[in-house]
Amino acid sequence: MSLQGVEELVLDLENIGAIKFGEFKLKSGLMSPVYFDLRVIVSHPKILDSVAQIMLDQIKEVQSNESLLCGVPYTALPIASIMSVKGNLGMVVRRKEAKDYGTKKMVEGTWTSGQDCIIVEDVITSGGSVKETAQLLREHDMKVTTCVVLLDREQGGKQNLINDGINVISIFPISKVLDTLVKHKKINSATVEAVQAFINNNQTTNSTNGVAKSEKHPENMSFQARSEMNVNPVTRRLLDVMLRKQSNLCVAIDKTKSSQVLELVKKVGKSVAVVKLHSDIIEDWSSAVQEELTSLSKELDFMLFEDRKLADIGNTVKHQTSSICGWADLLTVHGLPGPGLLQGVQAACADAGRQIGVLLVAEMSNAGNLFNKDYTKAVVGLGEGKGMEELVVGFIAQSRVSQRAGMLQMTPGVHLADSSDSGDQRYTSPGQAVLEKGADLVIAGRGICADTNPETKAEEYRQKAWDAYLQRIK
Ligand code: S5P
C-alpha cells in the first residue's frame with residue numbers, strides 16, 4: 001500500500017472512532033489520553049478490507065505457502081479471517097471461553113507438527129495476549145516466530161515479544177499515528193505531548209536489561225496488564241471485578257448462621273472483590289442460602305469463595321467439590337495429596353459444566369503451623385505444573401511464593417488494630433500485606449465483621465489495600 005494509502009487508513013480509523021483522544025479511564029484506574037478500539041471496524045467492511053490487505057502485504061516476506069494465521073480473540077479474528085481468504089493461507093482459531101473447559105480443545109483447525117503460525121493482533125501494549133496465544137500454539141506443536149499487529153502502543157510490547165522469540169511487524173506504531181494526525185490537523189501538539197508522556201511513563205519493560213518487568217516482578221505489574229496476559233478465565237474474571245471496583249479486598253465471613261452471613265454480605269458486598277466463606281460452619285446452610293448468595297454476588301459484583309481447604313484422594317475430592325462448584329467461584333485446597341486432588345476438582349467441574357478457580361494453600365498465617373520452605377516450594381510447583389493453568393488461580397501465602405504474573409496471591413491474617421487473636425492467628429495491616437508480603441488480595445475477617453460498623457470498616461480496608469497496590473505498581 002502506498003504511503004498515501006497508509007495515511008488514509010489512519011485517518012479512516014480516526015474517523016470511525018477506532019482511534020480516540022481525550023480522557024479514558026482504563027481498567028487499572030489509570031487515565032489515558034489515547035484509546036484504541038478496533039472492535040468498531042467490523043461495521044466498516046471497506047476499512048476492514050484495507051486493514052487485512054495491508055497486514056497481509058507486510059507478512060509477504062516472512063510467510064511461506066505453508067504458513068498458518070491465528071488471530072488473537074476477539075478483535076483480530078475477523079482481520080485474520082479476511083487475510084486468510086485473501087492470501088489463501090490456512091487459519092487456526094484459538095478459543096478463550098470458559099465453556100471449553102470440559103473438552104479442553106483450545107485450538108480449532110488442522111495443522112502439522114512444527115507448522116509455522118503467524119499471529120495476527122489489533123493492538124499491543126505489553127504484548128501479553130500475543131505471548132499467551134503463542135504459548136498455546138507452541139503447546140499445540142506449532143512454530144511461532146512472527147506476529148503482525150495493526151497498532152503498537154510502543155509501551156514495550158515489541159521488546160517483550162522479541163524476548164520470547166517473536167518478531168513483531170507493526171503497521172502503525174503510535175508515533176506514526178500521531179505524526180499523521182498532526183499533519184492532517186486532527187490533533188494538536190498538546191495532545192501529542194500528553195500521549196508521549198503517558199507512553200513514556202507506562203512502559204512494560206525494564207529498560208536496564210531489556211527483560212520484561214512482567215517476567216521478573218509480577219507484583220510490580222498492574223492488574224490490568226496481568227488480566228491481559230492470563231489464560232485462566234476465572235482469574236481474568238476476578239481481576240476484572242477487582243479493577244471495576246478498585247478493590248483487592250476479600251472479606252472472610254466466618255459466621256455460623258446464614259442470617260448473619262447474609263446480613264454482613266449486604267453490608268460489605270459493595271466494597272469487596274471476594275466474599276470468602278466456610279459454608280461447613282453455617283448451621284442452616286441450604287440451597288436457598290446458596291441461591292441468595294449467588295444473586296447477591298451478581299447484584300453487588302463480587303466472587304464467592306469457599307475456603308474448604310480440601311486434602312484427600314482425587315475420588316473423594318471430586319465428590320466434595322461437586323457440592324461446591326455449583327455455587328462457589330473459588331476454592332482452597334491443600335497440595336499435600338498431590339496432583340490427583342487437582343484432577344478430582346477438575347473432574348467435578350467438568351461434570352457440573354462450571355469452572356471453579358483453585359487456590360492452593362502454600363503458607364499459613366497462624367503460629368505453630370507445620371509448613372516449611374520445601375513444602376511451600378512443592379505446592380507452588382504443583383500449582384504451576386503443566387495443565388494446571390486453567391484451574392489454578394493462585395496461592396494462599398504470606399510471601400511472594402510464585403513469580404508467575406498469572407498467579408494471584410491471597411494473604412490472610414489481616415487486621416488494622418490487632419497483631420493476633422486470642423488463639424494462634426497472627427495479623428499484619430492491609431498495607432503491610434500488600435507492600436511487604438506481596439499480597440495481590442488481602443483477606444480480612446474479624447477486623448471487618450466483628451466491628452460495630454462493618455460497612456465503614458470494609459471501605460476503610462478496601463481503600464488501604466488498594467492504595468498500597470497503587471503505590472506498589474508506581
Ligand atoms: O493461613 C491462613 C489461611 C486462611 S484461608 N490463615 C487464615 O486465617 N485463613 C482464613 O482466613 C481463616 O480460615 C479465616 O477464615 C480467615 C481469617 O479470618 P480473621 O478473622 O482472622 O481475619
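Determine the pairs where a residue that is closer than 20 Å to Gly156 by Cβ, located within region 188-200, has a partner that is among the small types (Gly, Ala, Ser) with Cβ atoms under 8 Å apart, the partner being 6 or more residues away or on another chain.
Short answer, once both residue conditions are applied: Phe198/Ser32.
In region 408-429, which residues are closer than 12 Å to Ile448 by Cβ and either within 8 Å of the ligand (Cβ to nearest atom) or part of a strand (DSSP E or B) (or both)?
Once the filter is applied, which keeps residues that are closer than 12 Å to Ile448 by Cβ and either within 8 Å of the ligand (Cβ to nearest atom) or part of a strand (DSSP E or B) (or both), region 408-429 yields Val414, His415.
When region 127-144 is examined, which residues are found to be open to solvent by 10 Å² or more (accessible area, probe 1.4 Å), touching a helix residue (DSSP H, G or I) at 6+ places or on another chain (Cβ under 9 Å) and without any contact (Cβ under 8 Å) to a residue 60 or more places away in the chain?
Listed by number, the list holds a single entry, Lys143.
Considering region 432-456 alone, what residues qualify as being open to solvent by less than 20 Å² (accessible area, probe 1.4 Å) and within 23 Å of the chain's Cα centre (by Cα)?
Ala433, Val434, Gly438, Ala439, Asp440, Leu441, Val442, Ile443, Ala444
Of the residues in region 279-295, how many are within 16 Å of the ligand (Cβ to nearest atom) and open to solvent by 40 Å² or more (accessible area, probe 1.4 Å)?
So the answer is 3.
Filtering region 216-249 down to residues that are polar (S, T, N, Q) and farther than 21 Å from Val123 by Cβ, which residue is surrounded by the fewest Cβ atoms within 10 Å (Cβ to Cβ)?
Applying the filter and picking the extreme gives Asn220.
For Glu291, indicate whether it is farther than 19 Å from Arg237 by Cβ, more than 28 Å from the chain's Cα centre (by Cα) and in a helix (DSSP H, G or I).
In short, no.
Taking the conditions exactly as written (free of Cβ contacts under 8 Å to residues at least 60 places away in the same chain, surrounded by fewer than 19 Cβ atoms within 10 Å (Cβ to Cβ) and not hydrophobic (A, V, I, L, M, F, W, C)), does Ser81 satisfy them or not?
For Ser81, the condition - free of Cβ contacts under 8 Å to residues at least 60 places away in the same chain, surrounded by fewer than 19 Cβ atoms within 10 Å (Cβ to Cβ) and not hydrophobic (A, V, I, L, M, F, W, C) - is met.
For region 396-431, enumerate the residues that are hydrophobic (A, V, I, L, M, F, W, C) and under 23 Å from the mean Cα position of the chain (by Cα).
Ile396, Ala397, Val401, Ala405, Met407, Leu408, Met410 - these are the residues of region 396-431 that are hydrophobic (A, V, I, L, M, F, W, C) and under 23 Å from the mean Cα position of the chain (by Cα).
Does Arg400 fit the bill of being within 13 Å of the ligand (Cβ to nearest atom), among the basic types (Lys, Arg) and touching a residue at least 60 places away in the same chain (Cβ under 8 Å)?
no
Exactly one of (1) away from the ligand (no atom under 12 Å from the Cβ); (2) more than 26 Å from Gly128 (Cβ to Cβ); (3) in a loop (DSSP other than H, G, I, E, B); (4) free of Cβ contacts under 8 Å to residues at least 24 places away in the same chain is unmet by Lys386. Its number?
(2)
Would you point out which residue out of Val241, Val268 is more than 14 Å from the ligand (Cβ to nearest atom), assigned to a helix (DSSP H, G or I), in contact (Cβ under 8 Å) with a residue 40 or more places away in the chain and in contact with a strand residue (DSSP E or B) (Cβ under 7 Å, 6 or more places away or on another chain)?
Val241
Go through the residues of region 326-341 one by one and say whether even a single one is polar (S, T, N, Q) and over 19 Å from Leu441 (Cα atoms).
Scanning region 326-341 turns up no residue that is polar (S, T, N, Q) and over 19 Å from Leu441 (Cα atoms).
Between Leu416, Leu391, which is over 14 Å from Leu331 (Cα atoms) and either in the same structural domain as Phe371 (by TED's automatic domain parsing) or surrounded by 15 or more Cβ atoms within 10 Å (Cβ to Cβ) (or both)?
It is Leu416.
Can you confirm whether region 344-352 contains a residue that is closer than 19 Å to Leu441 by Cβ, touching a helix residue (DSSP H, G or I) at 6+ places or on another chain (Cβ under 6 Å) and at pLDDT 95 or above?
No: region 344-352 contains no residue that is closer than 19 Å to Leu441 by Cβ, touching a helix residue (DSSP H, G or I) at 6+ places or on another chain (Cβ under 6 Å) and at pLDDT 95 or above.
In region 138-172, how many are farther than 18 Å from Asp37 by Cβ and in contact with a Leu (Cβ under 9 Å, 6 or more places away or on another chain)?
Looking only at that region, the number is 7.
Name the residues in region 62-83 that are of a type in the set (Ser, Thr, Tyr) and within 29 Å of the chain's Cα centre (by Cα), would you?
The answer is Tyr74, Thr75, Ser81.
Can we say Arg446 is charged (D, E, K, R) and either in contact with a His (Cβ under 6 Å, 6 or more places away or on another chain) or more than 11 Å from the ligand (Cβ to nearest atom) (or both)?
No, not satisfied.
Looking at region 1-16 only, could you name the residues that are within 13 Å of Asp57 (Cβ to Cβ), open to solvent by less than 30 Å² (accessible area, probe 1.4 Å) and either modelled with pLDDT of 90 or more or of a type in the set (Gly, Ala, Ser) (or both)?
Gly5, Leu9
The values are calculated or read from the model by the stated rules, or taken from the named source; none is laboratory data. The shown structure was predicted, so the numbers you read here are calculated from the model rather than taken from an experiment. Heads up, the Cβs are rebuilt from the backbone with ideal geometry, glycines too, and the neighbour counts pull from every protein chain shown. Calculation scope for accessible area: heavy atoms of the full protein, side chains included, ligands and nucleic acids excluded. Shrake-Rupley method; radii C 1.70, N 1.55, O 1.52, S 1.80 Å.
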